[in-house]
Amino acid sequence: MYGWAGQRLRIDLTTGEIKKEPLSYEYRRKWLGGRGFNSEVIYREVPPDMDPFDPRARVCFGVGPISGTAAPSTGRVTVSCKSPLTGGFGDSNMGGHWGAELKYAGYDQIVIQGKAKKPVYIWIDDDKVEIRDASHIWGKFPRDADTIIKEELGDQDIHIVVIGPAGENLVRFACTFNDIWRAAGRTGHGAVLGSKNLKAIAVRGTGSVKIAKPKEFFDVCNRLRQKFKTDPMRMGLWEYGSLCLINIANRDGWFPWRNFQGGSHPLANNMSGETHKVTVSKHKEGCFSCPICCGQFTEIKEGRWAGEYFGGPEYEHSVPTGPRVGIIEDANDIWHNARLTNDLGMDGIETGGVIATAMEWYEKGLITKKDTGGLELEWGNEDVVHQLIQDIAYRRGFGAILAEGAARACDKLGLGDKGQYYTMATRGMTLPGDDPRGLGFGYGLSFAMGTRGGCDHLRSLCCLELSGFLYPGLNLRYLGDERPAKPTTTAGKPYMVYYEENQKAATDCLQVCCFTTHWSYAVLTEDQVEYLNACTGLDFTIEEFLQIGERVINLERAYWARLMSGEREDTVPERFLKEPMPKGTEYQTNVGVTLPLTDMLKKYYRYRDYEPGTGFPSERKLKELGLEYVADDLRPLRKKYLSEAEKKKKKYYY
Amino acid sequence: MAVMTKQQAKKFIEMDDYFIDLLDFLKEKKVLDQDNYRRILLCGYEFLVNYLKEKKVISERDAQKSMQEGYTYLVNALAREST
């Protein structure tokens with residue numbers, strides 16, 4: 001077998017049983033790997049009415065056929081579960097080296113079920129798998145647990161996925177890290193691992209990946225690496241990391257100021273990549289086989305947080321506990337908050353999002369100091385943000401309410417629809433730090449349709465409207481239309497989102513970094529198919545590759561449909577629909593803009609062949625994709641979704 | 001023979017998002033069968049242009065210009081009597 005390892009590792013923490021399950025050719029051809037394998041397992045094995053913290057719930061880690069090879073950026077891994085934050089389908093994706101190591105150990109996927117009686121970690125040493133005591137590292141930050149495990153196992157070169165205290169305390173948006181700083185941030189799978197008493201998964205893999213046509217494979221890899229040398233987007237990411245976006249976001253009005261009340265700020269440059277580089281940048285680091293090498297390391301040199309050192313931050317990691325909560329004057333506060341969410345093991349986006357929501361509730365008088373335990377939730381109050389980040393992770397005081405996520409916190413506080421207006425979430429997960437009134441209407445559409453909730457720049461990653469202008473002819477080639485390159489137009493956006501979503505999902509199944517295929521378009525779809533075929537010896541076509549992506553999206557969409565989530569929930573926070581973007585700076589380009597979602601949605605449904613009224617994938621489409629069993633599941637639910645009883649239910653989470 | 005009229009071409013050019021409407025039109029005109037409809041929808045504009053060129057619905061030159069100038073050129077080419 002070429003490319004794939006050909007087997008899944010299934011671990012039951014209740015019984016201690018460890019099984020290796022072969023993955024058939026048909027299965028691999030249909031689902032490819034990574035997100036495809038994971039989504040297939042979650043759909044089949046985690047029923048929609050199961051509590052995500054139920055011991056029977058699954059958490060999956062998946063890699064792809066190219067993982068661990070010399071193709072660009074093949075170290076990524078997808079983590080999937082039923083999300084404790086949204087109650088629906090959840091997954092996230094992280095870089096680093098762990099994914100490649102898992103492949104070298106001989107596995108394409110790990111499925112974890114059950115619950116250990118006490119804290120444990122899993123040690124995978126090629127074909128030897130053990131469940132080991134973790135009581136001595138329970139409560140530790142990921143960086144400390146990583147150090148202790150490496151010392152205990154006597155190998156500094158192993159790679160470890162770890163949860164932090166937030167996961168142990170079942171914070172609904174807790175996450176995992178590998179190589180200490182590489183986060184799979186979203187949807188709360190860190191809490192699912194915590195509910196299973198699973199602290200970490202350490203891997204050592206001494207095997208390799210068999211390549212069917214080595215010369216052809218290395219020729220295409222080398223050709224692509226040459227392309228990256230002059231790739232315009234890669235140059236920005238290399239130089240500044242994803243913080244290269246700060247000044248662009250500020251100019252184009254998608255900088256998330258005070259919970260998206262505004263889209264720009266005169267002091268945004270304080271936290272730009274350019275400023276970070278000359279003030280606090282310590283060194284750079286790349287993921288496995290990556291030619292972009294966007295990873296930045298930060299050391300705070302002065303002020304109250306002097307001496308703090310950590311990996312990151314990314315754009316999406318720093319804006320939530322920075323400008324989104326009104327902090328911009330002292331960038332060291334922003335770096336510190338990012339470090340803190342990392343060490344505590346929480347999704348930075350959701351952490352900042354829920355604090356920003358609470359600040360707006362406070363500003364609007366919906367909550368008072370009585371509700372917050374005396375905390376004055378004023379915009380820009382770093383003392384409060386620093387306190388709340390920790391209170392959330394340890395479920396203390398008001399933090400215990402916020403640890404439930406903004407939508408549930410709103411219900412616990414009895415704030416009703418008025419409070420939900422400020423949660424800036426879709427299907428229970430808050431949107432990332434990109435205002436679609438500036439970043440692009442395509443992004444806005446993809447936020448509404450994302451199959452993991454408040455999605456999200458990594459679901460469709462509509463980069464044809466963000467960075468497409470850097471690649472002349474690309475929009476014409478895929479879409480036949482240059483108009484979508486303009487962010488604040490609806491022209492061509494429904495097809496653009498459909499195309500990019502499929503492409504992105506297929507990329508996630510291949511398990512390569514989407515920065516090589518979106519943002520940077522150095523690697524095009526035909527290049528992916530070329531190296532896939534050279535690696536596996538198979539004959540995928542572009543159509544088959546993209547259809548795998550389409551299949552995965554429809555499966556994930558069907559998971560939501562089984563929760564009675566469909567057309568009515570395909571929306572974005574009302575602020576984007578109703579509130580014209582106010583003027584911030586003199587040079588802001590999107591003043592007065594709102595997101596015109598409705599017409600784009602109708603057209604998008606046609607591309608997806610979603611049933612009008614329910615928004616469920618049509619039977620015809622499901623059969624076309626080989627998902628007859630999914631069509632059977634949805635058949636009795638279509639009428640139910642349209643019933644008066646269902647129409648009356650307002651679902652902010654599931 | 002032209003696949004569409006000039007008025008139809010103008011309508012496509014004025015559309016906000018044209019692609020699926022154009023594919024539906026071409027399927028109705030039996031220029032596209034279901035398999036190619038599905039393939040082109042997934043794979044994008046370049047696949048449509050190449051298909052139309054292979055089927056000699058448009059000329060090699062029109063195919064080149066359609067890739068350089070986009071769908072407005074393509075629909076005008078489809079509205080022209082073929083030579």
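Other chains' Cβ within 10 Å of B:34-46 residues: what's the mean?
Working: counts 1, 1, 0, 0, 5, 6, 1, 9, 12, 11, 11, 9, 7.
Across B:34-46, the average partner-chain Cβ count within 10 Å equals 6.
Sorting A:T279, A:T230 on the 10 Å Cβ count, fewest up front, what's the list? Walk me through the numbers on the way to the answer.
Values: A:T279 17, A:T230 9.
Exposure proxy ranking, most exposed first: A:T230, A:T279.
Give me the inter-chain shielding for A:539-547: mean count of other chain Cβ atoms within 10 Å, whole number please. Could the numbers behind the result be given before it?
Values: counts 0, 0, 2, 6, 8, 2, 2, 5, 4.
Across the residues of A:539-547, the mean count of other-chain Cβ atoms within 10 Å is 3.
Report the full-extension gain for the segment A:E130 to A:F218: residue separation times 0.36 nm, less the Cα-Cα distance, to one decimal in nm. Write down the numbers at each step before the final one.
Values: separation 88, 0.36 × 88 = 31.68 nm, distance 3.58 nm.
Separation in residues times 0.36 nm, less the Cα-Cα distance, equals 28.1 nm.
What GluC sites (Glu not before Pro) in chain B are in a loop by DSSP, with at most 13 other Cβ atoms within 10 Å of the Cβ? Working shown, then result.
On the way: sites: B:E14, B:E28, B:E46, B:E54, B:E60, B:E69, B:E81; in loops: B:E81.
The qualifying sites are B:E81.
Under a crude label model (7 Å from the Cα following the beta-carbon direction), how far is A:K583 from A:E21 in nanometres?
Each label point is offset 7 Å from its Cα along the Cβ direction, giving 6.0 nm.
Among A:Y478, A:A631, A:W254, pick out the residue whose Cα is farthest towards the positive end of the charge dipole of the protein assembly as shown, where Lys and Arg carry +1 and Asp and Glu carry -1 on C-beta, about the Cα centre.
A:A631
Rg to Rh for segment A:137-221: what is it, with Cα atoms only and Rh by Kirkwood? Walk me through the numbers on the way to the answer.
Working: Rg = 16.3 Å, Rh = 14.2 Å.
A ratio of 1.15.
Arranged by the count of other C-beta atoms within 10 angstrom, fewest first, what order do A:T368, A:T187 take? Show your work: numbers first, answer last.
Numbers: A:T368 11, A:T187 34.
Placing the least packed residue first, the sequence is A:T368, A:T187.
Normalising by the residue count of chain B, find the relative contact order in percent from Cα pairs under 8 Å and 6+ residues apart. Let's see the in-between values first.
Working: 68 pairs, mean separation 38.2, N = 83.
So the answer I get is 46 percent.
Can you compute the label reach from A:K282? Point 7 Å from Cα along the Cβ direction, backbone N cut-off under 15 Å, restricted to segment A:123-163.
Zone members listed by number: A:142-144, A:147.
Ranked by Cβ crowding within 10 angstrom, fewest neighbours first, how are A:T372, A:T517, A:T15 ordered? Each step should come with its number before you reach the end.
Numbers: A:T372 21, A:T517 24, A:T15 9.
Ordered from fewest to most neighbouring Cβ atoms within 10 Å, A:T372, A:T517, A:T15 come out as A:T15, A:T372, A:T517.
For chain A, what does the helix formula give at 222 nm: sum of -39500 (n - 2.57) over DSSP H segments with n ≥ 4, over the residue count, nearest 500 deg cm²/dmol?
Working: 30 runs with 273 residues, N = 654.
Taking each H run of at least 4 residues, the total per residue is -12000 deg cm²/dmol.
Considering the Cα trace of the protein assembly as shown, what is its radius of gyration and what is Dmax, both in angstroms?
For the protein assembly as shown, the Cα-based Rg and Dmax read 24.7, 81 Å.
Positive end of the charge dipole of the protein assembly as shown (Lys, Arg +1 and Asp, Glu -1 on Cβ, about the Cα centre): tell me which of A:C287, A:G3, A:A403 has its Cα farthest that way.
Result: A:G3, furthest along the dipole toward the positive end.
Of the listed pairs A:K621/A:K650; A:K621/A:K648; A:K19/A:K196, which have alpha-carbon separations greater than 26 Å here?
Working: A:K621/A:K650 28 Å; A:K621/A:K648 28 Å; A:K19/A:K196 18 Å.
Violating the 26 Å limit, Cα to Cα: A:K621/A:K650; A:K621/A:K648.
So how far, in whole Å, is the C-alpha centre of segment A:392-464 from the one of segment A:307-325?
18 Å
Charges on Cβ only, +1 for Lys and Arg, -1 for Asp and Glu, centred on the Cα centroid of chain A; of A:P494, A:P432, A:G164, which one is farthest towards the dipole's positive end?
A:P494
Rounded to the nearest 20 Debye, what is the dipole magnitude of chain A about its Cα centre when Lys and Arg each give +1 and Asp and Glu each give -1 at the C-beta?
On the way: 85 positive and 87 negative charges, 260 e Å.
Once rounded to the nearest 20, the dipole reads 1240 debye.
Work out the length of the dipole vector of segment B:6-78 about its Cα centre, built from +1 on the beta-carbon of each Lys and Arg and -1 on the beta-carbon of each Asp and Glu, and round it to the nearest 20 debye. Present the calculation step by step, with values, prior to reporting the outcome.
Working: 13 positive and 13 negative charges, 68 e Å.
Dipole size: approximately 320 debye.
Return the long-range amide H neighbours of A:G262 (sequence gap of 5 or more, or a different chain), with a cut-off of under 5 Å between placed amide H atoms.
Amide H to amide H, under 5 Å and 5 or more residues apart or across chains, A:G262 pairs with A:W257.
In whole angstrom, how far apart do the alpha carbon centroids of segment B:22-36 and segment A:184-263 sit?
39 Å
Longer than 27 Å from Cα to Cα, which of A:K227/A:K504; A:K578/A:K651; A:K128/A:K282 are they? Say none if no pair is.
From the list (A:K227/A:K504; A:K578/A:K651; A:K128/A:K282), the Cα-Cα distance tops 27 Å for A:K128/A:K282.
What does the structure give for A:174-181 when I average, per residue, the other chain Cβ atoms found within 10 Å of the residue Cβ? Could the numbers behind the result be given before it?
Details: counts 0, 0, 0, 0, 0, 0, 0, 0.
Mean partner-chain Cβ count within 10 Å for A:174-181: 0.
Arrange the peptides A:599-606, A:288-295 so that the one whose residues have, on average, the most other Cβ atoms within 10 Å appears first. Present the calculation step by step, with values, prior to reporting the outcome.
Values: A:599-606: 19.0, A:288-295: 22.2.
Peptide ranking by packing, descending: A:288-295, A:599-606.
Placing +1 at every Lys and Arg Cβ and -1 at every Asp and Glu Cβ, with all other atoms neutral, what dipole size does segment A:592-654 have around its Cα centre, in debye to the nearest 20? Write out the running numbers ahead of the final one.
On the way: 16 positive and 10 negative charges, 62 e Å.
Using Cβ point charges on Lys, Arg, Asp and Glu, segment A:592-654 gives about 300 debye.
Count the lysine pairs in chain B whose Cα atoms sit under 21 Å apart, keeping only pairs 8 or more residues apart in sequence or on different chains.
Here the count comes out as 26.
Taking 0.36 nm per residue of separation and subtracting the Cα-Cα distance, what length does fully extending A:Y629 through A:D49 add?
Working: separation 580, 0.36 × 580 = 208.80 nm, distance 1.82 nm.
Computed gain between A:Y629 and A:D49 is 207.0 nm.
Quick one: of A:K117/A:K647; A:K418/A:K603; A:K493/A:K649; A:K82/A:K649; A:K20/A:K117; A:K82/A:K623, which pairs are farther than 32 Å apart, Cα to Cα?
Working: A:K117/A:K647 42 Å; A:K418/A:K603 30 Å; A:K493/A:K649 30 Å; A:K82/A:K649 21 Å; A:K20/A:K117 23 Å; A:K82/A:K623 25 Å.
Going by Cα-Cα distance, A:K117/A:K647 fall outside the 32 Å limit.
Within chain B, which is the longest segment that contains none of the trypsin sites (Lys or Arg not before Pro) sitting in a DSSP loop with at most 14 other Cβ atoms within 10 Å?
Values: sites that count: B:K29, B:K30, B:K55, B:K56.
By the stated rule (loop sites, at most 14 other Cβ atoms within 10 Å), B:1-28.
Laboratory data are not the source of any read-out in this text; all were calculated from the coordinates shown. This is a predicted model, so every value here is computed, not measured. Every residue, glycine as well, gets a Cβ built from its backbone with ideal geometry; the counts of neighbours run over all protein chains shown.
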